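Worksheet for the structure shown next.
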Amino acid sequence: MNDTTQNNRPQPEPRPLFVAIGPAGSGKSTAAGWFPVDAVVCLDELRREISGGNPGDQSVTPAAVARQNSLLNEHLAAGRAVFVDSTNVEPHVRAGLLELARRHGRPAVAMRFPVDLDTCLARNAQRSDDRRVPEATLRWQHGLTQEATPEALLREGFAEVYDLPDIDPAAGEATMNDVLAPERIADAVAVLRKAQKGDQQAHEDLGNYFPGYESLVMQSDHLRYLELAARAGLEATHLLIMHIEADTWGASVDT
């Protein structure tokens, strides 16, 4: 028999189901805009479609959840990595998503958004009427998010748990031009790979490629650094450049 295992070919890792967990105003949809997945399933958008334009119409939530689960089944069956953009603060809701992942043989990864309550309330107050969540509901969501600790989520069955940093949706987006000139990308990749292998001179040379360089993260498993939230980035031969904060930059080489 001539299968991939007998030929010693590397077997692809099952692509995860990423489950956002956080109250309204915690940055879930902002993160969904840059998250490295094949598909994003957003409950608010499904409510908007079903209601004819109102993403906050709770009367259509059961229909929106049914549509969400149908889409998740479709994406997972097709082998896609998916990000679930909804609050998912209730354990029974997460249990349903975990069951979907198990059914398709996929790991489920919890992405926590532990933003402070005052920030969530302030952002919620700035939303349009059809997207604003009642304050009591938001406080309830925030309390449940606090209860969903990494330890609790691992016990529920999540394969991994990550805390994402707060990203202000109103903040301007940086561009790749702020990070690295296109003609220097190939050289940067080469230097990063040498540094990853322990070349001290290459590690010192990294500063030549990044203004205000303070530190670089060099890991083959870039999922460990999703919490650094690529505010600006570029994937080139598996290179991801990340603006962490202020003058701090990070990079991941996926070999």
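Kindly establish whether Asp44 is closer than 22 Å to Pro14 by Cβ, open to solvent by 30 Å² or more (accessible area, probe 1.4 Å), among the charged types (D, E, K, R) and in contact (Cβ under 8 Å) with a residue 12 or more places away in the chain. For Asp44, the condition - closer than 22 Å to Pro14 by Cβ, open to solvent by 30 Å² or more (accessible area, probe 1.4 Å), among the charged types (D, E, K, R) and in contact (Cβ under 8 Å) with a residue 12 or more places away in the chain - is not met.
Do we have any residue at all in the range 60-75 that's in a loop (DSSP other than H, G, I, E, B) and either touching a Gly at 6+ places or on another chain (Cβ under 8 Å) or at pLDDT 90 or above (or both)?
Taking the range 60-75 first, the residues in a loop (DSSP other than H, G, I, E, B) are none.
Checking the range 60-75: not a single residue is in a loop (DSSP other than H, G, I, E, B) and either touching a Gly at 6+ places or on another chain (Cβ under 8 Å) or at pLDDT 90 or above (or both).
Could you tell me which of the residues Val65, Val93, Val115, Val84 is touching a Pro at 6+ places or on another chain (Cβ under 9 Å) and under 20 Å from Ile21 (Cβ atoms)?
Answer to the check: Val115.
Please name all residue pairs, on different chains or six or more residues apart, with Cβ atoms under 7 Å, provided the first residue is in the range 144-163 and is free of Cβ contacts under 8 Å to residues at least 24 places away in the same chain and the second residue is β-branched (Val, Ile, Thr) and surrounded by 14 or more Cβ atoms within 10 Å (Cβ to Cβ). Matching pairs, first to second residue: Leu154/Val161. Checked against (1) more than 30 Å from Asp44 (Cβ to Cβ); (2) at pLDDT 60 or above; (3) in a loop (DSSP other than H, G, I, E, B), Val217 passes all but condition (2). Select from the range 92-133 the residues that are farther than 24 Å from Asn54 by Cβ, open to solvent by 60 Å² or more (accessible area, probe 1.4 Å) and not in a loop (DSSP other than H, G, I, E, B) and list them in ascending order. Scanning the range 92-133 gives His92, Glu99, Arg102, Arg103, Asp118. Pro55 passes every criterion in (1) closer than 21 Å to Pro107 by Cα; (2) touching a helix residue (DSSP H, G or I) at 6+ places or on another chain (Cβ under 7 Å); (3) outside any helix (DSSP H, G or I) apart from (1). Does Val89 meet the test of being of a type in the set (A, V, I, L, M, F, W, C), under 18 Å from Ser29 (Cα atoms), modelled with pLDDT of 95 or more and part of a loop (DSSP other than H, G, I, E, B)? Yes. Would it be correct to say that Glu147 is modelled with pLDDT of 95 or more, open to solvent by 80 Å² or more (accessible area, probe 1.4 Å) and among the acidic types (Asp, Glu)? Yes. Condition check: closer than 23 Å to Ala122 by Cα and surrounded by fewer than 18 Cβ atoms within 10 Å (Cβ to Cβ). Does Gly33 satisfy that? Judged against the criteria, Gly33 is a match.
The values are calculated or read from the model by the stated rules, or taken from the named source; none is laboratory data. Owing to the predicted nature of the structure, the values given are computational and were not obtained by experimental measurement. As a convention, Cβ positions derive from the backbone with ideal geometry for all residues, glycine included, and neighbour counts pool all protein chains shown. Only protein heavy atoms, including side chains, enter the accessible area calculation; ligands, DNA and RNA are left aside. Shrake-Rupley method; radii C 1.70, N 1.55, O 1.52, S 1.80 Å.
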